[in-house]
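The values are calculated or read from the model by the stated rules, or taken from the named source; none is laboratory data. Everything numeric in this text was worked out from a predicted model, so none of it was measured. Note that each Cβ is placed from the backbone with ideal geometry, even for glycine, and that neighbours are counted across all protein chains shown. Quick note on the areas: whole protein, heavy atoms, side chains included, nothing else; ligands and nucleic acids left out. Shrake-Rupley method; radii C 1.70, N 1.55, O 1.52, S 1.80 Å.
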Amino acid sequence: MAALLLLFWGLRIYYWHQIDEPPFSDLEDYVKLGSGVARSFDFSFDSFWRSYKPPTIPLFHGLVFFLFGDANLDALRYAQGLFVFGSAGFLAREIYIASASKPLAFSFLLIVAVAKSSVFWSYKAGTESLAEGFLYLVLGVSLWAQRAPAVCQAYFALGALSVAAILARPNFVPFLFLLSILPLVKAWKSSPSSFSKCLSAYILAIVLAWSPWITRNYRIYGDFLPLSTQGPYSFIWELGKVAIPGAGPEEKMDVNEIQAMASHRFKSDLEASRFANQVSALWLREHAKEYPRIVVNRILNQVNDRDVHLTKVSRIELFDGFIPLLDKNRWNVWSGFLGIAIMALRYPWAIQLLLGVVPTFVFGALFLGYARMLEPILPMVLSGNIMLVYVLSQGAKSLMKHRLPGA
């Protein structure tokens, strides 16, 4: 464990000292939001864009900046690293408890430590590193709830952390509907009274975790806003010029033009977001047959493309000199997904891993096809290759025992 700890932190700290890249674009926006939270608990960009980003990332940044100094990016990197390593360690512990396999648990931690995507995003003030940590943490808590179906604290933690993950990256929405199913079924079979208490704890946690953001937005707009006003703009981001409801057939705009005119045409960013929802709905009606093919192409692009946006430094070559890191290619990604699926078929506890990874991946592709959408779940997917080897080796051992009873 000490060696893994040194490897995890050694690679990241060495990488941080290899490059110098000030935040820009969305990364700069998150630093600005974090500073606003640290100074006055304000999640607004300005007087118009008041809820453009969901709150978890700005809140995390704001807490770090409040404790260690405004826009202290060095402290932020260490905080992100602690969150990722702690979450991965918790998930590894649950994998070990479920599988009774130390190699399986430690190999997962090793992959997280040496995954190029994890090292790369650990430097940046975006959503990717924290999203990676939330994936591990929520999966770990879901395994805890599954192995201890009468422990209502696990369900409370699962509900609260699922909401926090969703308010960090909305493509985690499937967590809320999928990761509680098997633990709750197990709780029902164990004891109906325990099921009732644990379901209540799960729902209460969701309400308590989500209500501050919903209440804040209701006070601003006098209306219900559970996530942010960014969603429809993300949907049309890659679509080029799109038709505008109520306009002539020749009048089309791209997302930047739609956002540029928002503050002049609408009273609030919520009203502007609802107009952008209408734009998205119109596009879907006009491209209903084309959209599934677009989603498939986005999935393939996320798997095949290692180039990412939001960077001025290389995602491919991280270090000056050769340091072997684990990166994706189309084969190890698809075999990783296959390994997680086979693991889930062979060992029911691993269904939680499958339900956490695959729907998150697909749900994200409904909106964007950028390669960085896969990055937070990539180490988990690559660990599926170890799971594939594990299942095959366990099958081989079982086969040998049947053929050689005395072995």
- [ ] List every residue pair whose Cβ atoms sit under 9 Å apart, with the two residues 6 or more apart in sequence or on different chains, where the first one lies in segment 300-316 and is without any contact (Cβ under 8 Å) to a residue 24 or more places away in the chain and the second, anywhere, is open to solvent by less than 30 Å² (accessible area, probe 1.4 Å) and in a loop (DSSP other than H, G, I, E, B).
- [x] Leu300/Gly369; Ile316/Asp327
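Out of Leu33, Leu67, report the one residue that is under 25 Å from Ala88 (Cα atoms) and not polar (S, T, N, Q).
Of Leu33, Leu67, the one residue that is under 25 Å from Ala88 (Cα atoms) and not polar (S, T, N, Q) is Leu67.
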TODO: Give segment 54-83 a look and list any residue that's over 16 Å from Ile13 (Cβ atoms) and of a type in the set (Asp, Glu), or say none.
DONE: Asp70
TODO: Go through segment 150-257 and tell me which helices (runs of 4 or more DSSP H), entirely inside it, have 1 or more residues that are open to solvent by 50 Å² or more (accessible area, probe 1.4 Å) and either in contact with an Asp or Glu (Cβ under 9 Å, 6 or more places away or on another chain) or within 26 Å of Ala98 (Cβ to Cβ) (or both).
DONE: 152-166, 174-178, 181-190, 192-221
- [ ] Please identify the pairs in which a residue from segment 35-51 that is without any contact (Cβ under 8 Å) to a residue 60 or more places away in the chain has its Cβ atom under 6 Å from the Cβ atom of a residue that is part of a loop (DSSP other than H, G, I, E, B) and not charged (D, E, K, R), counting only partners at least 6 apart or on another chain.
- [x] Ser35/Ala71; Phe45/Tyr52
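Condition check ((1) assigned to a helix (DSSP H, G or I); (2) modelled with pLDDT of 90 or more; (3) closer than 23 Å to Arg169 by Cβ; (4) open to solvent by 60 Å² or more (accessible area, probe 1.4 Å)) across all residues:
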| site | (1), (2), (3), (4) |
| --- | --- |
| Val296 | yes, yes, yes, yes |
| Val303 | yes, yes, yes, no |
| Arg306 | no, no, yes, yes |
| Phe319 | no, no, no, no |
| Phe322 | no, no, no, yes |
| Lys328 | no, yes, yes, no |
| Val333 | yes, yes, yes, no |
| Gly336 | yes, yes, yes, no |
| Ile340 | yes, yes, yes, no |
Open item on the list: Any residue that is open to solvent by 40 Å² or more (accessible area, probe 1.4 Å), out of contact with any Lys or Arg (no Cβ under 8 Å at 6 or more places or on another chain) and assigned to a helix (DSSP H, G or I) - is there at least one of those in segment 360-368?
Closed with: yes
- [ ] Considering only segment 110-126, state which residues are within 17 Å of the chain's Cα centre (by Cα) and in a helix (DSSP H, G or I).
- [x] Val112, Lys116, Ser117, Ser118, Val119, Phe120, Trp121
TODO: With respect to Val313, determine if the residue is at pLDDT below 95, open to solvent by less than 30 Å² (accessible area, probe 1.4 Å) and of a type in the set (A, V, I, L, M, F, W, C).
DONE: no
Open item on the list: Quick test for you: out of Ser51, Ser129, Ser107, pick the one residue that is part of a helix (DSSP H, G or I), polar (S, T, N, Q) and open to solvent by less than 10 Å² (accessible area, probe 1.4 Å).
Closed with: Ser129
